[in-house]
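Data first, discussion second: the structure below is written as structure tokens.
The values are calculated or read from the model by the stated rules, or taken from the named source; none is laboratory data. Bear in mind that the values here come from a model prediction, so they are computed numbers and not experimental data. Every residue, glycine among them, receives a Cβ derived from its backbone with ideal geometry; neighbour counts consider all protein chains shown.
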Amino acid sequence: MSSLADALSSEPRFESAMDLCVAALRRLAEYELDEAINDRMRVLGERKEFLDQHEHGELMSLVAFSERRTTERLEARVALQRLGEVLPDLVNGH
């Protein structure tokens with residue numbers, strides 16, 4: 001048994017903290033942008049040649065936000081997968 005598994009079984013607060021981490025990773029892994037954000041990005045993207053400076057800035061901000069959320073979602077999925085390989089009971093339920 002690994003020292004991490006020992007810590008999980010011997011310290012209830014550690015297990016509780018890990019459960020919270022898994023729940024947070026799941027929320028990130030399942031995150032979807034609000035439909036209104038997607039719609040606004042689509043509308044601005046369709047008109048990108050005609051945007052004023054403010055709208056162009058808004059589009060760039062929305063795209064950057066979307067890219068960050070996508071990266072975080074993928075990283076959370078990988079983290080959950082790796083945790084599940086090491087501590088399947090923690091990730092798949094007790």
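TYR31 meets all of the listed conditions (1) in a helix (DSSP H, G or I); (2) at pLDDT 95 or above; (3) surrounded by 11 or more Cβ atoms within 10 Å (Cβ to Cβ) but one, namely (1).
Only residues that are within 30 Å of GLY93 (Cα to Cα) and not basic (Lys, Arg) were counted in the stretch 23-77, giving 16. Among the residues of the stretch 76-94, those identified as free of Cβ contacts under 8 Å to residues at least 12 places away in the same chain, loosely packed, with under 14 Cβ neighbours inside 10 Å and assigned to a helix (DSSP H, G or I) are VAL78, GLN81, ARG82, GLU85, PRO88, ASP89, ASN92.
Taken across the stretch 37-48, residues that are modelled with pLDDT of 95 or more, surrounded by 13 or more Cβ atoms within 10 Å (Cβ to Cβ) and not in a helix (DSSP H, G or I) do not occur at all.
Going by the structure shown, is ARG73 among the basic types (Lys, Arg) and free of Cβ contacts under 8 Å to residues at least 40 places away in the same chain? Spelling it out, it is not the case that ARG73 is among the basic types (Lys, Arg) and free of Cβ contacts under 8 Å to residues at least 40 places away in the same chain.
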